[in-house]
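Chemist: Handing you this structure, nothing more for now.
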Amino acid sequence: MEGNLVIVESPAKAKTIRDFLGEDYIVKSSYGHIRDLQESSLSIDIEHGFKPEYVVPAAKKKVVSELKAAASKAQTVWLASDEDREGEAISWHLAETLGLDPARTRRIVFHEITKNAILDAVKNPRSIDINLVNAQQARRVLDRLVGFELSPILWRKVQRGLSAGRVQSVALRLIVDREREIMAFVPESYYKVDGVFAAGGATVKGLLDTRFGGIAQARQFLQDSIGAKYTVGAVEKKESVRYPAPPFTTSTLQQEAAARLHFPVSVTMRVAQSLYEKGLITYMRTDSTNLSSLATGTAKRFIEENFGAQYHQYRQYRTRSKGAQEAHEAIRPTYIDRTSIEGTQQEKKLYELIWKRTVASQMAEAKVLNTTVKVDSDKRPEKYGIQAVSVLFDGFLKVYRDEDDEKAAGIPDFNVGDVLEAKSVTAECKYTQPASRYSEGSLVKKLEELGIGRPSTYAPTITTLTTARGYVVKGDKEGVKMDVVNLTLKGDRIGESAGTETVGAEKGKLIPQEIGIIVTDYLMSNFADIMDYDFTANVEKDFDAIAEGEKAWNQVIAAFYPPFHDKVDDALNDRQFSHVEREIGVDPETGLKVIAKFGQYGPYVQKGDDANRQYASLSKGQLIENLTLEEALRLFQLPRTVGEYEGVSIVATKGRFGPYLRYGDKNVSLPRGVDPMKVTVEQCVKLIEEAKHKDDAVAEIKRFETMDITIINGRYGPYIKHGGKNYKIPAGKDAAALTLSECQAIIDSGASTSGHRKFAGRRRR
C-alpha cells in the first residue's frame, strides 16, 4: 500500500488541495460525476422500486480505470467531493464504481479550501451520508421520468427536438405568464408636474402631489399658477437607520451579480466555482447566511483597524430558507484581510462584491436624515414635495453602497413660512408602464420565493431555456413610442413642446419566443399539475425530507409516477395536436387575407390562400398572439434590393437563422439590431468587406492551380474544394501535407461533403 489517495471533482480543486496535504497524499480528480443514467434510454427500472440503471460514459472510462489503479495501491482513500447533495452522490458513485473497501475509505467535507479547513477535515472524517445521496437520486430519477416521458409528447404534438422538465417548464411558464400580462396591459396617459424653485441661493426641484388625467387639466393648473406665491408649509425631518444586508447565499449572489455586475447567472456560478477552487472564497452553493466565529472575529479586527471601532457591529443572520441544505456558512472570502486578488477581471469583480458584502454585514448601521418639505401655493390647493436624504453616519455604506446611496443629497435648511421663487413649472405627459419582464436576476428571485428548484439548478435551467431550446431569448425591447405634448410655465407664459414617451422599453430581459408560448400552453392544457407552482415547490420539500431521513426516496417517486404516466398515455393517444393559427387581417392593397401560423420551421405569416400565396418568417421577438397587420405586411417587403457594390446587387433578406445579405454567391449575416428594412449600402459594403477579409484570413491552406484544387480551412474543419464541390478529408490526414495525388484520390472517391456541411451548419447555428 502506498499511503493516501484523495479524490476530488475538479483538477483546479485538486491542485489547491495538493499544496496543503504534502507528499504523503496523492490527489486526483474525477472530473465531476463518473457515472450517470444512460442517455438513450429511460434507464430506470420502474417495476423494481424505480432502481436507476447507472453506466460509466465512454468519456469517463479512462478516468475510472486510472482511479481504480490508484485506489488499489492506496492504504486509505479519502473522498473529498463537495459538501452538498450532488457532492455526496459523487462520493457514493466513486465508492460503488471503484469497489472501495469501506474499512479503507473516508468521506471528508470542508466549506473552504484552506489549509486549516483541509487538515481539520482529515482529522474528522465520516462515512457517506446515504440520505443525502438518496435526495440527489430522487431528484435525478424524478426529473428523468418527467423529461423522458413529456419530451416525446412535445415532439409528436408540437415539433421535434423540444424538451420539457420539472423546473424548466415551470420557469418558462413564469416568463410566458409575465409576457401575457404585458400584452394585456393598456397604457394610460397622465401628466406629472414638477416645479423648480430658488431658495437661499440654491435651486431645488419639487414634485406635485397630484397627477392630472389629461392635457386640459394640466393646462388649467398651469394657467391658475400664473403669478402664484409659494411658501414652505411644512418641514419634516426624521432620522432613520439602515441596516446592512446579510452575507451572500447562492441565490442572493446570483441576483446581486446580475444587478451590479450584469453577469448572467451561469457566469456568476462559473466564476464563483473558480474562486472557490482557488481557495479564495467559501463554498458557493449554500442557502445559509451564517458566518463562522472565525469569520466574524477576523472581520471585527479588520473593520476596527481600518475604519475605527465605531464602525464595527457583530451580527449573526438567521437563515430564512426552510429546510436549507448546505446550511453551513454563507459565501465569504476565506481571508477577510485579502482585499484584492489576482485573476481575471470577472474573478476580481465578483470577489470584490463578495468581500464588500461580507465586511458590510459586520459593520454598524448607517444613520440618515430624511427631510420632506411641503410647498404651498396661494392659487391652488395642491402641494409640491421636496425630498432629500443626508447621511449622518455612513456605517456600512463606507464599503457597500447602492446607486441610490451615491445620488443621495441634502437640501438647504427650510423653515415654515420661507418664500420660494418658482423658476419654472413643467407638466410632462407620461404613460403608465406594464410590469417588467424577468431578468435573469429577478427570475432567480421569483423561483426562490416560490420554492421552485434550488439555487444550484437556476443557471442550467436558464441556459436550457435560452440556449439549448430557444424557448426564450435574452434581449432588448424597443417599446412603443407615443407622441406627447408637454407644457412649461415660465413667468406668465405657458409654452408647448412636442416629444415622445416610450412604453415598455427594456434591456437584457428574458423574452419568450413563439415556440416557448406554444409549449407552455400545451403543457398547461394537458399537464396542469406538473406546471403548478405549488406542486414543484412541494417536490423540493419531499427532497428535503429524504435528505433528513424522514421519507424513502422511491416511495416519493412511487406516489408521483402512476397518475403522471396515465396522463402521458392519454396525451399520446388523444389524437389532438397543437395548431396555432391567427387571422391578422386583409392587405388593403391586394385584398388578400393575412394569416399567422406556426410551422415546421417556426412562426410565419401567409398572404393569400391560392397557388400564388406568399410566406414570410416572423422576426425574432415577434409573436403570433399580438402581431399587428402593419407588422405582418412589413415582413413581405423582404427580400429588398439595397443597392450595388462592384457591379453586384446587394439584397437584404431573412432566413431561418435571422436577417442576412445576399451578395453574389455569398451570404453575410446582419449583426444583431440591424434592421434589413433600413440597412444602408454603406453599412452593407462594410459588412461584405469584413466578411471577405475574414474568409481570406482562414480559408486557404494550399492550392494546386493547374488542377483547380484548393484545400480550405472551413468553419467545421479543413476540406478540399474542386469543381464547385467540397470533399471531406479523412480523419487523421494532415490537410497541409496533402499532395496533389492524394487530393485527386479523395476527389475520385466521391466523398462530397456539401450536404453534410449544410446540415452541420444548421445544427450548429
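The values are calculated or read from the model by the stated rules, or taken from the named source; none is laboratory data. Quick caveat, the model's predicted, so the values are computed rather than measured. Cβ sites come from the backbone with ideal geometry, for glycine too, and all protein chains shown count toward neighbours.
Chemist: When you look at LYS205, is it in a strand (DSSP E or B) and either touching a Ser or Thr at 6+ places or on another chain (Cβ under 7 Å) or closer than 30 Å to LEU523 by Cβ (or both), yes or no?
Modeler: Details: in a strand (DSSP E or B): yes; either touching a Ser or Thr at 6+ places or on another chain (Cβ under 7 Å) or closer than 30 Å to LEU523 by Cβ (or both): no.
When the stated conditions are applied, LYS205 does not pass them.
Here is a yes/no grid of residues against (1) outside any helix (DSSP H, G or I); (2) touching a His at 6+ places or on another chain (Cβ under 6 Å); (3) surrounded by fewer than 18 Cβ atoms within 10 Å (Cβ to Cβ):
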{"position": "VAL133", "(1), (2), (3)": "no, no, no"}
{"position": "GLN137", "(1), (2), (3)": "no, no, no"}
{"position": "PHE148", "(1), (2), (3)": "no, no, yes"}
{"position": "PRO152", "(1), (2), (3)": "no, no, yes"}
{"position": "ARG173", "(1), (2), (3)": "no, no, no"}
{"position": "MET183", "(1), (2), (3)": "no, no, yes"}
{"position": "PRO187", "(1), (2), (3)": "yes, no, yes"}
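Chemist: Ok, one more. Do we have GLU421 as more than 25 Å from ALA245 (Cα to Cα), acidic (Asp, Glu) and at pLDDT 95 or above here? Show your work before the answer.
Modeler: On the way: more than 25 Å from ALA245 (Cα to Cα): yes; acidic (Asp, Glu): yes; at pLDDT 95 or above: no.
When the stated conditions are applied, GLU421 does not pass them.
Chemist: Mind checking which residues of the range 583-596 are crowded, with 17+ Cβ neighbours inside 10 Å and assigned to a strand (DSSP E or B)?
Modeler: Passing the criteria: ILE584, VAL594, ILE595, ALA596.
Chemist: Does any residue of the range 441-454 turn out to be part of a strand (DSSP E or B) and either under 27 Å from VAL580 (Cα atoms) or out of contact with any Ser or Thr (no Cβ under 8 Å at 6 or more places or on another chain) (or both)?
Modeler: So in the range 441-454, the residues part of a strand (DSSP E or B) come out as none.
The answer is no; no qualifying residue exists.
Chemist: What is the residue count in the range 600-630 for residues that are within 29 Å of the chain's Cα centre (by Cα) and surrounded by 13 or more Cβ atoms within 10 Å (Cβ to Cβ)? Explain how you work it out, then say what you get.
Modeler: Going residue by residue through the range 600-630, those that are within 29 Å of the chain's Cα centre (by Cα) are 600-604, 617-627.
Next, only the ones that are surrounded by 13 or more Cβ atoms within 10 Å (Cβ to Cβ) stay: 602-604, 617-627.
Matching residues across the range 600-630 total 14.
Chemist: Additional query: Anything in the range 337-355 that is in contact (Cβ under 8 Å) with a residue 40 or more places away in the chain and surrounded by 22 or more Cβ atoms within 10 Å (Cβ to Cβ)? List them, or say none.
Modeler: Listed by number, the residues that qualify are LEU350, TYR351, ILE354.
Chemist: Among the candidates THR286, THR358, single out the residue that is buried (at least 22 other Cβ atoms within 10 Å of the Cβ), part of a helix (DSSP H, G or I), hydroxyl-bearing (Ser, Thr, Tyr) and touching a strand residue (DSSP E or B) at 6+ places or on another chain (Cβ under 8 Å). So that I can check it myself, show each step before the final result.
Modeler: Working: THR286 fails: part of a helix (DSSP H, G or I).
Exactly one of THR286, THR358 is buried (at least 22 other Cβ atoms within 10 Å of the Cβ), part of a helix (DSSP H, G or I), hydroxyl-bearing (Ser, Thr, Tyr) and touching a strand residue (DSSP E or B) at 6+ places or on another chain (Cβ under 8 Å), namely THR358.
Chemist: A further question on this structure: If we only count strands (runs of 3 or more DSSP E) wholly inside the range 613-665, which ones have 1 or more residues that are farther than 30 Å from THR520 by Cα and at pLDDT 90 or above? Talk me through it step by step, then tell me what you get.
Modeler: Numbers: elements: 614-617, 640-645, 648-655, 658-663.
In the range 613-665, 640-645, 648-655, 658-663 are the strands (runs of 3 or more DSSP E) which contain 1 or more residues that are farther than 30 Å from THR520 by Cα and at pLDDT 90 or above.
Chemist: Have a look at VAL485, VAL473, VAL503, VAL480 and point out the one that is of a type in the set (A, V, I, L, M) and farther than 23 Å from SER436 by Cβ.
Modeler: Numbers: VAL473 fails: farther than 23 Å from SER436 by Cβ; VAL503 fails: farther than 23 Å from SER436 by Cβ; VAL480 fails: farther than 23 Å from SER436 by Cβ.
That would be VAL485, the only listed residue that is of a type in the set (A, V, I, L, M) and farther than 23 Å from SER436 by Cβ.
Chemist: Being closer than 21 Å to VAL158 by Cβ, of a type in the set (A, V, I, L, M), touching a Leu at 6+ places or on another chain (Cβ under 6 Å) and outside any strand (DSSP E or B): is that true of MET524 here? Show your work before the answer.
Modeler: Values: closer than 21 Å to VAL158 by Cβ: yes; of a type in the set (A, V, I, L, M): yes; touching a Leu at 6+ places or on another chain (Cβ under 6 Å): no; outside any strand (DSSP E or B): yes.
Against the criterion (closer than 21 Å to VAL158 by Cβ, of a type in the set (A, V, I, L, M), touching a Leu at 6+ places or on another chain (Cβ under 6 Å) and outside any strand (DSSP E or B)), MET524 does not qualify.
Chemist: Another question, then. Looking at ALA95, ALA89, can you tell me which residue is assigned to a helix (DSSP H, G or I) and more than 19 Å from ARG139 (Cα to Cα)? Explain how you work it out, then say what you get.
Modeler: Values: ALA89 fails: more than 19 Å from ARG139 (Cα to Cα).
Unique residue meeting the criteria: ALA95.
Chemist: Only one of these conditions is not met by TRP155: (1) without any contact (Cβ under 8 Å) to a residue 24 or more places away in the chain; (2) touching an Asp or Glu at 6+ places or on another chain (Cβ under 9 Å). Which number is it?
Modeler: The one condition TRP155 does not meet is (2).
Chemist: How many of the residues making up the range 392-415 are surrounded by fewer than 14 Cβ atoms within 10 Å (Cβ to Cβ) and either at pLDDT 95 or above or not in a loop (DSSP other than H, G, I, E, B) (or both)?
Modeler: So the count comes out to 5.
Chemist: So, one more: Out of all the residues in the range 112-120, is one or more modelled with pLDDT of 95 or more, in a helix (DSSP H, G or I) and under 34 Å from the mean Cα position of the chain (by Cα)?
Modeler: No: zero hits.
Chemist: I've got another one for you. Could you list, in sequence order, all residues of the range 474-493 that are of a type in the set (A, V, I, L, M) and either modelled with pLDDT of 95 or more or assigned by TED's automatic domain parsing to the domain that holds ILE226 (or both)? Talk me through it step by step, then tell me what you get.
Modeler: Step one: filter the range 474-493 for residues of a type in the set (A, V, I, L, M), giving 480, 482, 484-485, 487, 489.
Result: VAL484, VAL485, LEU487, LEU489.
Chemist: Restricting the range 438-475 to residues that are within 28 Å of ARG160 (Cα to Cα) and charged (D, E, K, R), which is surrounded by the most Cβ atoms within 10 Å (Cβ to Cβ)?
Modeler: The selected residue is GLU440.
Chemist: Return the residues of the range 67-86 that are free of Cβ contacts under 8 Å to residues at least 40 places away in the same chain and either within 16 Å of ASN4 (Cβ to Cβ) or part of a loop (DSSP other than H, G, I, E, B) (or both); say none if nothing qualifies. It would help to see each step written out before you state the result.
Modeler: Going residue by residue through the range 67-86, those that are free of Cβ contacts under 8 Å to residues at least 40 places away in the same chain are 68-69, 72.
Answer for the range 67-86, where residues must be free of Cβ contacts under 8 Å to residues at least 40 places away in the same chain and either within 16 Å of ASN4 (Cβ to Cβ) or part of a loop (DSSP other than H, G, I, E, B) (or both): ALA69, SER72.
Chemist: If the requirement is being over 14 Å from VAL580 (Cβ atoms), in a helix (DSSP H, G or I) and of a type in the set (A, V, I, L, M), which of these qualifies: ILE546, ILE511, ILE517? Full working, then the answer.
Modeler: Numbers: ILE511 fails: in a helix (DSSP H, G or I); ILE517 fails: over 14 Å from VAL580 (Cβ atoms).
One residue alone meets the criteria, ILE546.
Chemist: Looking only at the range 158-171, filter to residues that are touching a residue at least 60 places away in the same chain (Cβ under 8 Å) and not small (Gly, Ala, Ser); which one of those is surrounded by the fewest Cβ atoms within 10 Å (Cβ to Cβ)?
Modeler: GLN159
Chemist: Among what's in the range 215-272 and is part of a strand (DSSP E or B) and small (Gly, Ala, Ser), pick the residue that is surrounded by the most Cβ atoms within 10 Å (Cβ to Cβ).
Modeler: Filtering the range 215-272 down to residues part of a strand (DSSP E or B) leaves 230-242, 248.
Filter once more, so that each one left must be small (Gly, Ala, Ser): 233-234, 240.
Details: GLY233: 15, ALA234: 13, SER240: 12.
Once the filter is applied, the top-ranked residue is GLY233.
Chemist: Then there's this: Within the group GLY599, GLY585, which residue is among the small types (Gly, Ala, Ser) and closer than 21 Å to TYR522 by Cα? It would help to see each step written out before you state the result.
Modeler: Values: GLY585 fails: closer than 21 Å to TYR522 by Cα.
Sole residue among the options that is among the small types (Gly, Ala, Ser) and closer than 21 Å to TYR522 by Cα: GLY599.
Chemist: Could you grab me the full set of residues in the range 127-179 that are farther than 17 Å from SER456 by Cβ, among the polar types (S, T, N, Q) and in contact with a strand residue (DSSP E or B) (Cβ under 7 Å, 6 or more places away or on another chain)? Walk me through how you get there before you give the answer.
Modeler: First pass over the range 127-179, keeping only residues farther than 17 Å from SER456 by Cβ: 127-131, 134, 141, 144-164, 169, 172-179.
Retained after the next criterion (residues that are among the polar types (S, T, N, Q)): 127, 131, 134, 151, 159, 163, 169.
Within the range 127-179, SER127 is the sole residue that qualifies.
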